[in-house]
1. Of all residues in segment 32-45 being touching a residue at least 40 places away in the same chain (Cβ under 8 Å) and small (Gly, Ala, Ser), which is least open to solvent (accessible area, probe 1.4 Å)?
2. Counting just the residues of segment 77-124 that are of a type in the set (A, V, I, L, M, F, W, C) and within 18 Å of residue 185 (Cβ to Cβ), which one comes out most open to solvent (accessible area, probe 1.4 Å)?
3. Taking the condition of being assigned to a loop (DSSP other than H, G, I, E, B) and open to solvent by 30 Å² or more (accessible area, probe 1.4 Å), how many residues in segment 191-244 meet it?
4. Listed residues 96, 81, 86; which is free of Cβ contacts under 8 Å to residues at least 12 places away in the same chain, out of contact with any Phe, Trp or Tyr (no Cβ under 7 Å at 6 or more places or on another chain), of a type outside the set (A, V, I, L, M) and farther than 24 Å from residue 222 by Cα?
5. Looking at residue 162, is it in a strand (DSSP E or B), touching a residue at least 12 places away in the same chain (Cβ under 8 Å) and within 11 Å of the chain's Cα centre (by Cα)?
6. Residues of segment 93-107 being farther than 15 Å from residue 172 by Cα and either β-branched (Val, Ile, Thr) or under 17 Å from the mean Cα position of the chain (by Cα) (or both), which ones?
7. Mind listing just one residue for me: the one in segment 215-243 that is aliphatic (A, V, I, L, M) and in contact with a Phe, Trp or Tyr (Cβ under 7 Å, 6 or more places away or on another chain) and, of those, nearest to residue 193 (Cα to Cα)?
8. Go through segment 192-212 and report how many residues are in contact with a strand residue (DSSP E or B) (Cβ under 6 Å, 6 or more places away or on another chain) and not polar (S, T, N, Q).
Amino acid sequence: MFDSMLNVVLGLVATAISAGIGWLAQTLRRRRRLGRTRQFFGMPAGTECLLVVPRKGGPGATTTVARDDAYAMMELAALVRECGARSEIVAHDQVRQGLGGKAEFCLGGPTSNNRTAAHLASWLPGVAFASAEGDLTVTVGDQEYALSWPAPDGDPAYVVLARVHAGSGDRPVFLIAGQTATSNHAAVRYLAANHRTLARRHGTDSTFVLVLRVLNPGAYGPDVVELASEATAKATARPAVAAA
């Protein structure tokens, strides 16, 4: 009987030790994963992160924010909070600071966000946005991505998702410049869902530029998105000046 009781006690002890080891391993795994996430986004615990808000496109709407842009900002704020950082939300025309001191998420194309226009001119000279005769075209190098407005049912929309580093050791800027507010929202969801894959592919301290395709946003909203192009080289190259 004593042997039976001893076996029971030893079994309970072994179970407790196994459970403790499993809990410890899970805790360490979560901490390592969180550490890699913080490193990728440049947001150590306790730091501040800048969220730059665009205005809603269209005449007479300079002080409002599109619904999908507001949802995107909420999801970015949740991502910042997950990293243990603090969000500082600033309107695009109220930002008066350089790069590198804080991690930054800049939302919206250059027509709705002055900060985006400055980032494109300074760091991504191969990216251009143009609007003519109802079409909004994003050009990256020699590749064009056009969207008619209002967009026909089933047509995709495009968004440029980039991480830019001003210098070694600086905090990164994440640029989310889409043709529509829905495409901005889709890029934020793509970034939140795929940042571990992006970290493995591009590292934690380099510039990358992606063009994402949002499929049938009129029916699916920001939920169905795919990679259209990895365009870092084209986006960071300055266009050649045409000969006179």
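1. Ranking the qualifying residues of segment 32-45, first place goes to 42.
2. That would be 89.
3. 16
4. Values: 81 fails: farther than 24 Å from residue 222 by Cα; 86 fails: free of Cβ contacts under 8 Å to residues at least 12 places away in the same chain.
After applying the criteria, what remains is 96.
5. When the stated conditions are applied, residue 162 passes them.
6. 95
7. Within segment 215-243, the match that is nearest to residue 193 (Cα to Cα) is 225.
8. 6
The values are calculated or read from the model by the stated rules, or taken from the named source; none is laboratory data. In this text the structure is predicted, and so the values were computed from the model without any measurement. For neighbour counting, all protein chains shown are included, and Cβ atoms are generated from backbone atoms with ideal geometry for every residue, glycine included. Each accessible area value is taken on the protein alone, full model and side chains, heavy atoms only, with ligands, DNA and RNA left out. Shrake-Rupley method; radii C 1.70, N 1.55, O 1.52, S 1.80 Å.
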